[in-house]
Amino acid sequence: MKTLKNGMLDVTPTGRYLAIVKRNAQKSPLLRLPLEICNKIWMFVLKRDRRHEPENVRPSYCYAVCWHLSIIQVCRQTYAVTALLPFAINSFHVNSRMDRRNLLQLLPGQRDAIQELFDMDYFLDERIEWPIHRFHGLKTLYVEFMVLPVLGEYLGPDGEQAVVNKIGARSEVPDLEVHVRQ
């Protein structure tokens, strides 16, 4: 099996797999469902429902990726449709440098599918800045400062807008929406 430029598997059926794909399309109860119903099933299985998680536990990247991902491995057709969905439909929470490192180790296609990111441990110091520009599909970034002395050092007279401008200048992501929380 080959990989695509984005690191994901190329599941285009070839050779003996053509017959299997055809059989699956005809006999699989799931794959025969209308697309709208299949999409609802994928969302139900792969989207995290944060309402059922303990309120006093800060979510982290590691906690967020523990979905029921086995559905993606069922066959080539489900992989083709669902491989990037967990990354596109869920919010990712970063609480530590370890979470950042884990996110950066994702395949490029997985990173690019992430649309919403909560960074609960953000620093504007260039020495430890992480490359937000590597998340090409990112639409919304929520930044929360946990260390108040650092917050005062960077906010200055312009406050939150200075933070938004500084992140925007580094992001290279067009139309990135940045929200700052204290």
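The values are calculated or read from the model by the stated rules, or taken from the named source; none is laboratory data. Keep in mind that this is a model prediction, so the values were computed, not measured. Here Cβ is always computed from backbone atoms with ideal geometry, including for glycine, and neighbour counts include all displayed protein chains.
Before moving on, here are some points about what is shown:
- Taking every residue in segment 22-42 that is at negative phi and free of Cβ contacts under 8 Å to residues at least 60 places away in the same chain and pairing it with any residue that is assigned to a loop (DSSP other than H, G, I, E, B) and exposed (fewer than 13 other Cβ atoms within 10 Å of the Cβ), at least 6 positions away or on another chain, the pairs with Cβ-Cβ distances below 9 Å are Ala25/Arg32; Gln26/Arg32.
- When Pro29 is tested against the conditions (1) surrounded by 13 or more Cβ atoms within 10 Å (Cβ to Cβ); (2) at pLDDT 90 or above, the lone failure is (1).
- Scanning segment 59-93 for residues that are hydrophobic (A, V, I, L, M, F, W, C) and modelled with pLDDT under 80 yields a count of 6.
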